[in-house]
Structures are given as C-alpha cells and as structure tokens.
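A.B. asks: Mind looking over this structure? Questions follow.
The values are calculated or read from the model by the stated rules, or taken from the named source; none is laboratory data. Computed from a predicted structure; not experimentally measured. Every residue, glycine among them, receives a Cβ derived from its backbone with ideal geometry; neighbour counts consider all protein chains shown. For the accessible areas, the whole protein counts, side chains as well, though only heavy atoms, and no ligand, DNA or RNA atoms are used. Shrake-Rupley method; radii C 1.70, N 1.55, O 1.52, S 1.80 Å.
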Amino acid sequence: MTTTPMFEREMETLSRDALRELQFTRLQDVLRRVYENVPHYRASFDAAGVTPADLRSLDDISVFPFTTKNDMRLAYPFGLFAVPRSQVVRLHTSSGTTGHPTVVGHTKTDLDLWARMMARCYVACGVEPGQIFHITFGYGMFTGGLGYHYGAEHLGCTVVPMGGGNTEKQILLLRDFEADVIAGTPSYLLNLAEEAERRGVDLRSGSLRTAFCGAEFWSQAIRDEIETRLGVTAYDLYGLSEIIGPGVAGECRERTGMHAWEDHFLLEVIDPETMEVLPPGEEGELVITNLTREAIPLIRYRTRDITRLEVEPCACGRTHARIHRVTGRNDDMMIIRGVNVFPSQIETVMLGRPGLSPNYQLVLQREGNLDALTVEVEASPGVETTEYGDMAKQLQHSIKSMIGVTTRVVVLAPGQLPRSVGKAQRVRDLRRLD
Ligand code: DLL
C-alpha cells in the first residue's frame, strides 16, 4: 500500500508526546515479534533476564540487550529473520570488506516503507514529482542505488538509474537529460565535478539544483566544494543497510541536522565505554531499533556511528529528532602515539585551505612500537610545485596544534591519488602488512 505525501506530513509533524506513545506501542509489538520468532533474541533476552513484558515505558528499552554486527555474522545468512524466508522478496548485504557480509532481507511491506522514508527525505528538501533524478550510487547488494531509486519513483520523479562509475557517460546524460537532482557519495560527486571540468563541461550553469550525499563521512568543506563546483544545494542523508539502507534520517531545507523518522526507528545515543544511554545533545554512539520492519527487525543495533541527537523543534515544523553530522565511526578511530584521532578530524583541519584539493588519503604504518600517520593530499591544479614543501609544513603544524598529533604530510601533484566510484577509501592501513 502506498500512502500520500499528505499522510507523511501529518506523521512528520506529530507532537512529541504522540510520537512517543506510538513508539511505545510499536516497540511492545516488535519485542514480542522477535522474542517469538527469532531464536537469537529469545536466547539473548533470556540471558539478560528480560521478556517483552518488562517494557512498561519507552525508557525501559535500556534493559534490553544490544545487537552487534557480530551477532549478525553469527546468524549468517538468514538466522535473524523474523518471517519465513519465502516472504522475503529482496536481500542486501552490508559493505564490510572482510569475512562474511551481514545479510538483511525485506518483505514487500518493508520495501514500501523504505521507499516512503526516502521520499520523505526528498520532499523535506523540496524535490518534486516530475523532476529528473540522477542516481550515481552503486546498484546491487549495496543499498545505495536501489534505496534511492525506489524512493524517487515513489515520489513520482523521472529516475536515471546510472549507478557508479562510467563518469564520461554520467556527464553526458546529466547535461542532455537536464537532471534536477543528483545523488552520490560526496567523494564521487567531487570526482564527477573534477572530470566535467577537465572535459570543459560546465555543470554549474546547467539544470542541477539539488544533491543528496551520504554513505560516508563528509565535512562542511567538502559540502562547500560540491555546492560550488556543481551549482547545487547539497543535503546530508543517513542510513545503513542493517537498519533499512539510506533513508533512516535526512536533512530538511534548514540543514540543521537530519530528521530521523522516529515513527519507524527508535534512536538512542550511548557512551560506547559504559553503555549508558546519554541525554540529547551529548555525543556518543548511535543505537537504533527497528519499530516496524517485518523481515529482520533489529533491537538496539550498535551502529558504531558517532553523532548526537537533538529533540528541539525544527523551524521546518517537523517534530522528529535530528541527528547531527556523523563525525566518524568507533571502529575508524586511530590511536597515534596515544592520541585518539578520527579521519574526520584531519579532514576538517585540512580542507578548505588554499592550495589543497579535497583528494586525500591517510596512511597508517608501524614504526618500531609506534603507529605513524602520513597524510597524503593533492594540491589544487595550478599551484606551483615549489610551494608543496611549505604547504606540507604548514598543514603538519596545524594538525599538531589543533588535534595534538604528530603526522607526516606529503603534498602531491593533482591526479596522484586514486578516485572513488563509491565510498572513498580514506585510510590505507599498512600496519597489518609489516
Ligand atoms: O551506506 C547506506 C547509504 C547509502 C546511506 C547511500 C546514504 C546514502 P552501508 O553500506 O550499510 O549503508 O553503510 C552504512 O555508512 O553506518 C555510516 O558509517 C556511513 N554513512 C551512511 N550515511 C552517512 C552520512 C549505506 N550521511 C554506514 N554521513 C553507516 C556519514 C554515513 N556517514
């Protein structure tokens, strides 16, 4: 069943009390469903000494055990499904690089929900039915392409299902079809802008107005670059395959955080050391519970993503809480000579500096007993190579004074680093090879 944007608006502006009431009823239901149908949850609830009947208020969620990526791996491939496999009409996997991927399934109702959540994100940014929507996210087991695709069709856009790569053709079709909206990883959209400039195609003065980015960390400086070089307003959109795919949360035109669709997802932020639930506004690890998903509802899934929640009303009228820009993942944290560093911190210091491009990589190596970090960054086109040495020294100094970590910085000529077609590989970890 599809629902009209009108209904979505009503749901998106529900009072916070009504929203919490709805979440409570849905949470009771999903806890019962997983307890009855998923052996993993029966065992983990029993081990924690809780049953669904122990949920007497929404806050009681904190007594239920977390679900981790490892639980999903142990249940590979279909062990966490809460419905018979024959009711699952689509499978996806996460983008992990090692070992068994994590598998998720969707029933027909789940796919409809996903499309509606994506359409909410688009509407919140002013996308309208009939607009041309060009998708550069990869199609296939990754949820980016198909997630964006069905959402845009649901809204009634004309979808260009381009997928990743083949940048020359992307540029041709963007220009000839006069796309209004483009979606892709921030690193790929920059790659596309660079290629268009190289070919003398001016995408800035074309039809494009809106870009949706996500699937990887991106700083404000990257956002500024995308906006200037493509002539768009760029919006942040968050999601992960384990929970649904893209569309868990998205920015509205205010761009003061991403509205998380709380009638379907229950969000908590925890301290990853103590596992305590943190109050709104405090930064920690995002934990999400599926309230309505049929095929594989996850309870208190530890996303590893670091962010903070804001529950204050938004100027757009939507009441659903906002998550702030994801600043990194727990498991991305590097420890360099005792200092905890996230790639996003380095990016924030580095980008937007005159003479440096947004193309960079962080190389981790072992030197004796210590970890050493080398920052490789390309200069912008036109910068004299004689300036590279000074630029490197200045950046090294800024990183030391702002983050407190000693790095080696190498400024490279334009085009020296690999370009991404999907999620960028920002960290090259050579320590395991030593
Ligand atoms: O990346 C889903 C997606 C596709 C989201 C397209 C947005 C756009 P996974 O491959 O499972 O799913 O990876 C999920 O990507 O846990 C975050 O670490 C990261 N991520 C997703 N969106 C954002 C974002 C998709 N807007 C993992 N900002 C998540 C920062 C993001 N990181």
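A.B. asks: Using 7 Å Cα-to-Cβ label points, what is the His324/Glu254 separation (nm, one decimal)?
C.D. replies: 1.5
A.B. asks: When Lys and Arg each count +1 and Asp and Glu each count -1, what net charge do the other residues less than 15 Å away from Val63, Cβ to Cβ, add up to?
C.D. replies: Charge balance in the 15 Å sphere: -4.
A.B. asks: Give the dimensionless ratio obtained when the Cα radius of gyration of the stretch 123-207 is divided by 2.2 N^0.38 Å. Show your work: numbers first, answer last.
C.D. replies: Details: Rg = 12.4 Å, N = 85, 2.2 N^0.38 = 11.9 Å.
Ratio of Rg to 2.2 N^0.38 Å for the stretch 123-207: 1.04.
A.B. asks: Could you work out the Rg to Rh ratio of the stretch 333-433, with Rh taken as the Kirkwood radius (inverse of the mean 1/r over all Cα pairs)? Could you put the intermediate results ahead of the total?
C.D. replies: Details: Rg = 13.3 Å, Rh = 14.0 Å.
Ratio value, two decimals: 0.95.
A.B. asks: Could you state the per residue volume, in Å³, of the convex hull enclosing the Cα atoms of the stretch 1-330?
C.D. replies: Convex hull of Cα atoms, per residue: 130 Å³.
A.B. asks: Continuing with the same structure: Ignoring ligands, DNA and RNA, please state the percent of accessible area on the chain from carbon and sulfur, probe 1.4 Å.
C.D. replies: With neighbouring chains kept in place, the figure for the chain is 50 percent.
A.B. asks: Find how much the distance from Ser207 to Met402 grows on full extension, using 0.36 nm per residue of separation minus their present alpha carbon separation; answer in nm with one decimal.
C.D. replies: Numbers: separation 195, 0.36 × 195 = 70.20 nm, distance 3.99 nm.
So the extension gain works out to 66.2 nm.
A.B. asks: Another question, if that's okay. Just grab the label-to-label distance for Ser380 and Gln416, each label 7 Å out from Cα along the Cβ direction, in nm (one decimal).
C.D. replies: 1.8
A.B. asks: Let me ask something additional. What full-extension length gain, to one decimal in nm, is calculated for Arg431 and Lys69 as 0.36 nm per residue of separation minus the Cα-Cα distance?
C.D. replies: That pair, Arg431 and Lys69, stretches by 128.0 nm at full extension.
A.B. asks: Please work out the average accessible area per residue across the stretch 15-158, using the 1.4 Å probe convention, and give it in Å².
C.D. replies: It amounts to 44 Å² per residue over the stretch 15-158.
A.B. asks: With a 1.4 Å probe and all protein chains left in place, how much accessible area per residue does the stretch 306-434 have, in Å²?
C.D. replies: I get 51 Å² per residue for this part.
A.B. asks: In debye to the nearest 20, how big a dipole does the chain give about its Cα centre with +1 on each Lys and Arg Cβ and -1 on each Asp and Glu Cβ?
C.D. replies: With only Lys, Arg, Asp and Glu charged at Cβ, the dipole is about 740 debye.
A.B. asks: Once the piece of chain linking Ser15 and Arg42 is laid out straight, how much longer is it, given 0.36 nm per residue of separation minus the C-alpha distance between them?
C.D. replies: Answer, rounded to one decimal: 6.4 nm.
A.B. asks: Additional query: Given +1 on the Cβ of Lys and Arg, -1 on the Cβ of Asp and Glu, and no further charges, what dipole in debye does the stretch 333-433 carry about its Cα centre, rounded to the nearest 20?
C.D. replies: On the way: 12 positive and 9 negative charges, 80 e Å.
For this selection, approximately 380 debye.
A.B. asks: First measure r as the distance between the Cβ atoms of Lys169 and Gln220, then evaluate 1/(1 + (r/R0)^6) with R0 = 25 Å and state the FRET efficiency to the nearest 0.05.
C.D. replies: Details: r = 31 Å, r/R0 = 1.22.
After rounding to 0.05, the efficiency reads 0.25.
A.B. asks: Also: Given 37 °C and 0.692 mPa s, compute D for the stretch 130-275 with the Stokes-Einstein relation, Rh being the Kirkwood radius over Cα pairs; round to the nearest whole µm²/s.
C.D. replies: 207
A.B. asks: Rounded to the nearest 5, what is the percent of antiparallel bridges among the DSSP beta bridges in the chain?
C.D. replies: 65
A.B. asks: Here is a follow-up. Beta carbons within 10 angstrom, averaged per residue: use that to sort the peptides 226-234, 292-300, 141-149, 70-78, highest first.
C.D. replies: Per-residue mean Cβ counts within 10 Å order the peptides as 141-149, 292-300, 226-234, 70-78.
A.B. asks: Of the options Ser344, Asn166, His264, report the single residue whose Cα projects farthest towards the positive end of the charge dipole of the chain (beta-carbon charges: Lys, Arg +1; Asp, Glu -1).
C.D. replies: The residue sitting most towards the positive pole is Asn166.
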